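Let me begin by presenting the structure, written as structure tokens, before commenting on it.
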Amino acid sequence: MATAASSFTIASSFSEPRTQIRSSKRSSLPVLQFSIPYKASSRSRRLVVSSVSAPNVELRTGPDDLISSLLSKVANSDGGVTLSPEEHKEVAQVAGELQKYCVSEPVKCPLIFGDWDVVYCSVPTSPGGGYRSGIGRLFFRTNEMIQGIDSPDIVRNRVSFTALGFLDGDVSLTGKLKVLDSEWVQVIFEPPELKVGSLEFKYGFESEVKLRITYVDEKLRLGLGSRGSLFVFRRRQ
């Protein structure tokens, strides 16, 4: 995987004290200008030190640190449901920094294939639909949200849950992936399939989503939906 490299330069300038000698019109002797150091009190020294600061330097953080930060912010958040608006903003900021390290044409990167856990979405109902809505979560406790991408163009979404506290089930979607450009893909899904206990059936209609891949590596993938939903995918172990 290629990552965009960034660097920074700390620019510091120091000026040496100068002794100036100049002629005086009233005397033939040169006049020496200089400053006499004085012993400042501890309070004065503190004030002087506090007033001197290094140049404002933009510290760059590598992708590994950003990934660790991002995963820590979304951990134990039920896919982002329990985060506050301010915490969602923090996730978006870190994701925005991380996408600077994305490969130039992520849709062509073979690292997009495999099975991924959906560990975060800025809109709770984007993965899982009504099962992840406020009312849906009263009856369906989400256990896992998984997306699999199989070469060359098959996408499998699955949300497993426990219904009413005792009945295990899952809803799954299978779709066909189409590359739109170097970053955007379109997926057309077949009608969802629901399994609850011994029951198994399809319902509803076809659906379509568009997703921009903003970052991908061996362990993390970021996606941005056409309506602005931010997804964080972590590769399954």
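The values are calculated or read from the model by the stated rules, or taken from the named source; none is laboratory data. The structure presented is a predicted model; accordingly, all values stated were derived computationally and were not measured. Every residue, glycine among them, receives a Cβ derived from its backbone with ideal geometry; neighbour counts consider all protein chains shown. SASA here: full protein model, heavy atoms, side chains in, ligands and nucleic acids out. Shrake-Rupley method; radii C 1.70, N 1.55, O 1.52, S 1.80 Å.
Residues in region 168-200 that are in contact with a strand residue (DSSP E or B) (Cβ under 6 Å, 6 or more places away or on another chain) and among the hydrophobic types (A, V, I, L, M, F, W, C): V171, L173, L177, V179, L180, W184, V185, V187, I188, F189, L194, V196. Residues of region 82-93 that are open to solvent by 20 Å² or more (accessible area, probe 1.4 Å) and either among the aliphatic types (A, V, I, L, M) or touching a residue at least 40 places away in the same chain (Cβ under 8 Å) (or both): L83, A92. When residues in region 182-208 are screened for being among the charged types (D, E, K, R), in contact with an Asp or Glu (Cβ under 9 Å, 6 or more places away or on another chain) and either closer than 21 Å to D115 by Cα or in a loop (DSSP other than H, G, I, E, B) (or both), 5 of them pass. Looking at this structure, is P152 closer than 24 Å to K73 by Cα and either touching a residue at least 24 places away in the same chain (Cβ under 8 Å) or outside any helix (DSSP H, G or I) (or both)? It is false that P152 is closer than 24 Å to K73 by Cα and either touching a residue at least 24 places away in the same chain (Cβ under 8 Å) or outside any helix (DSSP H, G or I) (or both).
A residue that is over 25 Å from the mean Cα position of the chain (by Cα), open to solvent by 20 Å² or more (accessible area, probe 1.4 Å), among the small types (G, A, S) and more than 19 Å from T214 (Cα to Cα) cannot be found anywhere in region 136-143. When the criteria are applied in full, D170 fails the requirement of being open to solvent by 60 Å² or more (accessible area, probe 1.4 Å) and assigned to a strand (DSSP E or B). The single condition among (1) surrounded by 14 or more Cβ atoms within 10 Å (Cβ to Cβ); (2) closer than 23 Å to Q237 by Cβ that Q186 does not satisfy is (2).
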